[in-house]
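Read the figures in this text as sums done on the coordinates, not as results from a lab. Just so it is clear, the model here is predicted, and its values are computed rather than measured. Every residue, glycine among them, receives a Cβ derived from its backbone with ideal geometry; neighbour counts consider all protein chains shown.
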Amino acid sequence: MRHKVMLEQKAGRAQAMTLRYFPGQRPICRARFSVSPIQEFLMSSEVISIGQPVPQFHAAAYGKASSIRIDDLRGTVVVIYFYPKDDTPGCTTEGQEFTALYPEFQAVGAEILGVSRDTLASHEKFSCKFNFPFPLLADTDEALCKAFDVLKEKNNYGKVGIGVERSTFVIDREGKIAYIERKVKAAGHAAAILDIVKQLP
């Protein structure tokens, strides 16, 4: 006797499973699960949480330095904000608000790093256009995005793909993650992060 049932699997799509059994015997379960390329990609990202050490990285940047090594900023509060794309409305608003408050961040010993998957050439145009005073990191290989788990499945007008979820991480002076905010709304975000930074020892 055979029965077909459908199972749900959190990580991927379930295919039909055949249960095969005979009177007096325990069921023999034969199942196959397939994971879509997008889901497999997302499963490769790291899980990151408050209190753990910041992921180590050395990334190319445009701005105050040609590259940023996170270890070199030990002793400084670091605000790392991930944004989807250079010179788009929300990302411009976010960058401009961090720029307006940058002197206040500096006054409390904090540095700001913007990160996207754009190239250095794109960062240069974006930064020069709006006079950003902080570095923009070029995560073209998505290593940083994966390390901070900001790549998420997005559905734009029926087209499913991988995109950067606007997210901000505050790193304390000991190199540990002190604050995480995901699904950020750009307007007013910089001021809220400044208030959090001011509360850190």
| message | Taking each pair of distinct Cα atoms in segment 60-106 once, what is the resulting Kirkwood hydrodynamic radius in Å? | response | 12.4 Å
| field | Distance violations [Cα-Cα > 24 Å] among K154/K198; K125/K159; K85/K154; K154/K185; K154/K176 | value | K154/K198; K125/K159; K154/K176
| Vicinal HN-Hα couplings computed from phi for segment 158-166 (Karplus, 6.51 cos²θ - 1.76 cosθ + 1.60; Hz; Gly/Pro x) | x, 9, 8, x, 9, x, 7, 7, 4
| remark: Karplus-derived 3J(HN,Hα) from phi for segment 122-135 (6.51 cos²θ - 1.76 cosθ + 1.60, θ = phi - 60°), whole Hz, x at Gly and Pro, runs 5, 4, 4, 5, 5, 5, 5, 4, 10, 6, 5, x, 10, x
| task | Note down the net charge around R166, summing +1 for each Lys or Arg and -1 for each Asp or Glu among other residues with Cβ under 12 Å from its Cβ. | result | +3
| field | Whole-Hz ³J(HN,Hα) from phi, Karplus 6.51 cos²θ - 1.76 cosθ + 1.60, for segment 79-91, glycine and proline x | value | 9, 10, 10, 9, 9, x, 7, 4, 6, 10, x, x, 5
| field | Loop chymotrypsin sites (Phe, Trp or Tyr not before Pro), segment 150-193 (other Cβ atoms within 10 Å of the site Cβ: 13 or fewer; DSSP) | value | Y157
| Whichever aspartates and glutamates have a C-alpha closer than 14 Å to that of K146, once near sequence neighbours (fewer than 8 apart) are set aside | E40, E46, E165
| note | Diffusion coefficient in µm²/s returned for segment 41-198 by Stokes-Einstein, Kirkwood Rh over C-alpha pairs, 4 °C and 1.567 mPa s, is 83 µm²/s
